[in-house]
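Below is one structure, written out as structure tokens; comments come after it.
The values are calculated or read from the model by the stated rules, or taken from the named source; none is laboratory data. Quantities reported herein were computed from a predicted structural model and do not represent experimental measurements. Every residue, glycine as well, gets a Cβ built from its backbone with ideal geometry; the counts of neighbours run over all protein chains shown.
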Amino acid sequence: MRISIFILLNIIISSAIVNCATYVNFTPHPKCDTDKQESGIGYSWETNTCIHLYDGSYYVSIDPNDKNSVNMLFFNNPNSNCGHGETNVSRSYEVGNCYQVAWYYDPAFYNVVNYAVMSIVEDPGYVNPEGYRYTLYQMDDTDCQGNPLFSYYYTNGITFKNTLQTFTYDCEQGIPYEYVCTENVSCINTTTEFQCQKSNDGKNLYSTTC
């Protein structure tokens, strides 16, 4: 009986540790009109963590003097330690304000204009399925079930364009699909789902889901 209680307590404590994280979210709204349905590209950053992406490193933190203000530091070096002595570009964001942001998306898309409202979320837990979601994890999170470092998503049903193509993203029965239509060519429908793959730089794991 004591062993069962001990195991149960360990499970509860482990779950609390996994979920104990704070995120800065950017929720997309067309032209900052929050009365309209969410549409665009959304982002989520774990705070107080040096996040390495292909174009550089990011460090997002909540202002200790203003809990509604967030500071984002960008370091041009993807191998940065995000130290304050390193050269960086900084920007501040306020909770509830809307910003034109488009950090990451497929470079095949042209003329992407994206607006999103910033919020701070404790222990986000369940997230709604979207048309496409890229989620980055620590390398030692081998099953990609821990706290994400970073994620971005395309809202369900959204379409992007370039000169000759359109790209539409839909989540169908829990599986993300990309519909690519090229001028004068029939459309192609493929799944974009990948589970717990090594990132191109070999520093992290990632999944692409709904």
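What to note about this one:
- Scanning the range 86-100 for residues that are surrounded by fewer than 17 Cβ atoms within 10 Å (Cβ to Cβ) and not basic (Lys, Arg) returns 86, 87, 89, 90, 92, 94, 95, 96, 97, 99, 100.
- Some residue of the range 101-121 being exposed (fewer than 13 other Cβ atoms within 10 Å of the Cβ), among the hydrophobic types (A, V, I, L, M, F, W, C), touching a Lys or Arg at 6+ places or on another chain (Cβ under 7 Å) and in contact (Cβ under 8 Å) with a residue 40 or more places away in the chain: no
- Pairing each residue of the range 70-94 that is among the basic types (Lys, Arg) with any residue that is surrounded by 12 or more Cβ atoms within 10 Å (Cβ to Cβ), provided the two are 6+ apart or on different chains, yields C-beta distances under 6 Å for 91/72.
- Filtered by the rule that a residue be buried (at least 17 other Cβ atoms within 10 Å of the Cβ) and more than 21 Å from residue 137 (Cβ to Cβ), the range 53-68 gives a lone residue, 62.
- Close pairs (6 angstrom Cβ cut-off, 6 or more residues apart or separate chains): closer than 18 Å to residue 96 by Cα in the range 31-60, assigned to a strand (DSSP E or B) and small (Gly, Ala, Ser) anywhere: 44/151; 47/61
- Residue 66 vs. criteria more than 22 Å from residue 205 (Cα to Cα), part of a loop (DSSP other than H, G, I, E, B) and at pLDDT 95 or above: yes
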